[in-house]
């Protein structure tokens, strides 16, 4: 029988905030942010990183140079890919901004509630970033077409609808099964769906094109890596605390769907070979990335034949100090500490 989940009360005076018996979901919490008694140490590390990662798009210089290059240095295929990749990224961050609170309402650990709230804020900043790129680089008469490209492109509409349906299923029927599927899909969206788009901007930058755009994307990717880590940890906590909810076969099936969708979309949008991005590389990169993400969850590779990242230039471009935390082990070690943020951890 499918179990229905209940969202947390706004205030629950009969709740119990003791750490010893607390669980990631389904705990009888007061809903008070008692941050001097927290359980999940990974959330503390992520909180530190996410706070210190604060940025705004106005701090990224050089977009006017990109505007000139967009008109004069990019090929027609590159301009097309630039616009339609932004269209998909805009949708992804839009749906994450409005949907994250729906899942956060069922989390019963205040330190995790906190970082999910920060994530929602960061997704809003990403939306502002894309708007800034469009306003600076793309002609005004083209902007609405980019925002609503899904109205005319059946591939993008199908993809957007698929994502929306999975989230809507939980809103309409908040069952254990739909919550688990929704958590998985958050993980897949943050860990798979962005990255061929990011790789496109990195590839342009590697050729000296649209460097400011890529700088903006680097800030966004830095945030997304923490978001991937949040949901990897949520999945692992559910597996540990609620093993009856955890279905690895469902997770693997959804991963395979996400990979196939990402490959299909990327080949569609990069329909002519972009220098450095062949269709073969798109497929191998997506499958390699999926294996890396599964490794975060302690799951064996889904695609045994893909063992290396085909985009060597991505490693070089992404070799930044702020990305050297052990994100793929779901820990974060590279952050600045402030005494004002060092919570007391009582277990």
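Selection of segment 56-78 for residues being farther than 21 Å from residue 204 by Cβ and not in a helix (DSSP H, G or I) yields only 56. Scan segment 32-68 for residues that are within 23 Å of residue 227 (Cα to Cα) and free of Cβ contacts under 8 Å to residues at least 24 places away in the same chain and the total you get is 2.
In segment 33-55, what residues are at pLDDT 90 or above and assigned to a loop (DSSP other than H, G, I, E, B)? Those that are at pLDDT 90 or above and assigned to a loop (DSSP other than H, G, I, E, B): 38, 39, 40, 53, 54, 55. Restricting the first member to segment 289-312 and to residues that are in contact (Cβ under 8 Å) with a residue 60 or more places away in the chain, and the second to residues that are outside any helix (DSSP H, G or I), the beta-carbon pairs closer than 7 Å and six or more apart or on different chains are 290/302; 290/303; 296/330.
When 14, 26, 59 are checked against the criterion of being out of contact with any helix residue (DSSP H, G or I) (no Cβ under 8 Å at 6 or more places or on another chain) and at pLDDT 95 or above, 26 stands alone in meeting it. Candidates 210, 255: the one that is within 27 Å of residue 158 (Cα to Cα), crowded, with 22+ Cβ neighbours inside 10 Å and more than 13 Å from the chain's Cα centre (by Cα) is 255.
Only one of the listed residues (186, 160) is in a helix (DSSP H, G or I), on the phi < 0 side of the Ramachandran plot, in contact (Cβ under 8 Å) with a residue 40 or more places away in the chain and buried (at least 23 other Cβ atoms within 10 Å of the Cβ). That residue is 186. Only residues that are touching a strand residue (DSSP E or B) at 6+ places or on another chain (Cβ under 9 Å) and not in a helix (DSSP H, G or I) were counted in segment 79-106, giving 1. Applying the set (1) more than 30 Å from residue 312 (Cβ to Cβ); (2) touching a helix residue (DSSP H, G or I) at 6+ places or on another chain (Cβ under 8 Å); (3) in contact (Cβ under 8 Å) with a residue 60 or more places away in the chain to residue 175 leaves exactly one unmet item: (2).
The values are calculated or read from the model by the stated rules, or taken from the named source; none is laboratory data. Remember, it's a predicted structure, so these values are computed and weren't measured experimentally. FYI the Cβ positions are ideal-geometry reconstructions off the backbone, even for glycines, and counts take in every protein chain you see.
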